[in-house]
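The values are calculated or read from the model by the stated rules, or taken from the named source; none is laboratory data. Just so it is clear, the model here is predicted, and its values are computed rather than measured. Note: ideal-geometry Cβ built from the backbone for every residue, glycine included; neighbour counts use all protein chains shown. With ligands, DNA and RNA removed, areas are computed over all heavy atoms of the protein, side chains included. Shrake-Rupley method; radii C 1.70, N 1.55, O 1.52, S 1.80 Å.
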Amino acid sequence: MDSASNVLLASSPSAAAVVGMGSGAVRRNPTLICTPIMADSVDKMAILMAEAKSVGADLVEIRLDSLKDFNPNSDIKTLILHSPLPTLFTYRPMWEGGQYNGDEKPRLDALRLAMELGADYIDVELKVAHEFNDLLRGNKPGKCKLIVSSHNYENTPSVEELGNLVARIQAAGADIVKIATTALDISDVARIFQITVHSQVPIIGLVMGERGLISRILCAKFGGYLTFGTLESGVVSAPGQPTIKDLLDLYNFRQIGPDTKVFGIIGKPVGHSKSPLLFNEAFKSVGINGVYVHLLVDDIARFLQTYSSTDFAGFSCTIPHKEDAVKCCDEVHPVAKSIGAVNCIIRRQNDGKLFGYNTDYVGAISAIEEGLRASQNVSDTVGSPLSGKLFVVIGAGGAGKALAYGAKEKGARVVIANRTYERAKVLADIIGGAAITLADLENFHPEDGMILANTTSIGMQPKVDETPVSKNALRSYSLVFDAVYTPKITRLLREAEESGAKIVTGLEMFIGQAYEQFERFTELPAPKELFQKIMSKY
């Protein structure tokens with residue numbers, strides 16, 4: 001790993017510029033949002049440009065290589081005339097990832113023409129920048145800025161190689177340097193951040209692919225000149241581009257500045273997670289200067305070592321990294337250590353040390369306690385309603401361990417039911433409970449009013465017809481909880497409700513574990529009503 005990987009970072013002076021915004025909110029960065037306009041006709045482009053302005057773009061990138069019957073003279077004039085926003089013209093050849101497959105001379109002539117007709121920016125590839133400059137013969141309009149770009153679809157070079165590339169692009173006459181590389185691992189992005197933050201010239205530094213997504217959001221923190229936001233999901237001009245709506249509404253892009261703290265969810269896969277939705281909205285509601293992002297991580301140890309600055313302040317951790325996270329932390333909370341899984345990591349601000357917690361069990365147990373209190377009309381000033389109850393946990397994996405510990409801590413008598421008796425017995429012995437097999441559960445009712453908690457994936461999409469226990473066996477339970485939250489109401493929960501039990505969904509556990517994470521991230525009380533409101537839409 002090169003030295004640059006230990007991010008970082010003194011933020012660049014340019015990034016500290018604060019621009020006023022019409023809405024009354026303060027804009028914390030000058031980074032522009034550019035919307036790529038790709039269509040086969042000028043008329044369609046005009047419609048898309050108007051749409052880009054209406055959703056909040058700062059400029060449009062007109063991709064001439066996407067036009068079918070292209071007449072440079074009249075089409076460029078029309079496009080500049082009709083654009084409601086500043087224009088960046090790109091005519092990308094196939095050899096640099098574009099669609100143009102013809103001679104170089106007419107391509108470069110069209111870009112020069114756009115410059116003469118009043119374009120605000122022109123993008124020219126590094127390979128042909130000298131030819132393009134020869135074509136201008138020194139007659140470059142003052143208004144137009146020249147972006148010289150280099151795209152690497154293979155990987156992200158070392159910091160030294162990137163530094164040399166920036167120097168070559170500058171020497172080619174660039175007003176603005178543009179580098180796009182490819183992320184093979186999320187740690188690659190740190191090298192682009194380092195180049196961006198130390199650049200003496202305006203720079204666009206982006207990393208393509210899902211592992212590079214943070215480069216497109218956090219460029220606002222590290223002083224990038226612009227980022228790209230698409231009009232619709234999936235219609236992208238390069239791999240991994242977010243939509244402009246997500247940049248503005250989900251990630252609060254305008255509010256990201258040099259001093260913004262970075263949080264995120266570490267997982268693989270991770271794109272489906274609703275956590276960014278929850279945390280970014282909550283940060284905004286209480287005025288926290290933080291952004292929460294999806295982090296597609298292959299190797300958690302490498303990730304934490306690379307992004308080691310205190311600016312990377314806290315992480316949620318999901319499958320498959322919870323067990324490995326325990327080994328990566330400097331200190332682990334005793335409960336998380338006992339469970340053997342960490343789902344929340346905090347970086348201490350004074351020394352950068354990592355602390356690991358498990359909030360899964362708190363989320364599930366508090367959701368179950370709230371369910372019991374509601375069904376029994378008990379106030380929460382009295383001790384835990386779980387105290388003395390018989391609590392049956394289905395499953396002996398990470399989540400099973402978490403719930404068994406949590407229930408035991410609240411004074412419940414715990415029984416572990418698992419397909420294999422041996423695994424149930426191991427966990428039962430550790431926490432001081434009893435063990436049975438899943439088959440035994442059918443005829444297990446030593447008393448009424450028991451609690452049942454499913455921590456397996458039985459009943460999860462797509463196998464929504466499955467259930468870990470028959471409807472007949474559910475009559476002895478006063479409350480049934482299911483950790484599965486896709487679907488929200490599983491077959492187990494539906495049949496439990498029909499049998500007269502109070503039910504608690506996995507979504508409530510998800511929200512519950514997020515409360516404690518929010519409080520650990522911010523040292524503020526969680527905005528519980530807001531969390532409930534956001535998740536009620538799902």
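Computed values, structure above
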item: Accessible area of segment 77-155 divided out per residue, in Å², using a probe of 1.4 angstrom; result: 48
item: GluC sites (Glu not before Pro) within segment 288-376, DSSP loop, no more than 13 other Cβ atoms inside 10 Å; result: none
item: Table column - 3J(HN,Hα) (Hz), segment 273-289, Karplus curve with 6.51, -1.76, 1.60, x for Gly and Pro; result: 5, 8, 4, x, 4, 5, 6, 5, 5, 5, 4, 4, 5, 10, x, 7, 7
item: Solvent exposure of segment 330-468 as accessible area per residue, Å², 1.4 Å probe; result: 45
item: Along each principal axis, Cα extent of segment 432-479, largest first, Å; result: 34, 24, 18
item: Residues SER233 and ASP259, FRET efficiency given R0 of 22 Å [Cβ-Cβ distance, rounded to 0.05]; result: 0.10
item: Segment LEU184-GLU519, extension gain: residue separation times 0.36 nm, minus the distance between their alpha carbons; result: 117.3 nm
item: Angle between the chain longest axis and helix 104-117 axis [Cα atoms, degrees, rounded to 10]; result: 90
item: Residue-wise HN-Hα coupling along segment 86-97, computed from phi with Karplus coefficients 6.51, -1.76, 1.60 (Hz; x: Gly, Pro); result: x, 10, 10, 9, 10, 10, 7, x, 4, 5, 10, x
item: Spatially proximal lysines relative to LYS471 (Cα-Cα < 24 Å; intrachain offsets below 8 disregarded); result: LYS389, LYS463, LYS488, LYS502
item: Unsatisfied cross-links (Cα-Cα over 25 Å) in the set LYS77/LYS221; LYS221/LYS284; LYS261/LYS353; LYS53/LYS143; LYS245/LYS533; result: LYS77/LYS221
item: Rounded to whole Hz, the Karplus (6.51, -1.76, 1.60) HN-Hα couplings of segment 461-472, x for glycine and proline; result: 3, x, 8, 6, 8, 8, 8, x, 8, 5, 4, 4
item: Degrees, to the nearest 10: 213-222 long Cα axis against longest axis of the chain; result: 70
item: Extension gain (nm, one decimal) between GLU442 and HIS333, 0.36 nm per residue minus Cα-Cα; result: 35.6 nm
item: Accessible surface of segment 269-423 [probe 1.4 Å, protein heavy atoms]: carbon and sulfur percent; result: 49
item: Helix-derived mean residue ellipticity, 222 nm - over the chain, DSSP H n ≥ 4, -39500 (n - 2.57), to 500; result: -10500 deg cm²/dmol
item: Contact order relative to length of the chain, as percent, for alpha carbon pairs under 8 angstrom and 6 or more apart; result: 10
item: For segment 395-445: Kirkwood Rh in Å [reciprocal of mean 1/r, alpha carbons]; result: 10.7
item: Protection-proxy order for peptides 436-449, 407-420, each taking the mean of Cβ atoms within 10 Å per residue, highest first; result: 407-420, 436-449
item: Pair LYS533, GLU210: separation of 7 Å Cα→Cβ label points (nm); result: 3.2
item: Reduced Cα scattering model of segment 278-335, Debye log10 I(q)/I(0), q = 0.17, 0.18, 0.20 Å⁻¹; result: -0.69, -0.76, -0.90
item: Cβ crowding within 10 Å averaged over residues, with 70-78, 175-183, 100-108, 295-303 ranked highest first; result: 175-183, 295-303, 70-78, 100-108
item: Å³ per residue enclosed by the Cα convex hull of segment 301-421; result: 127
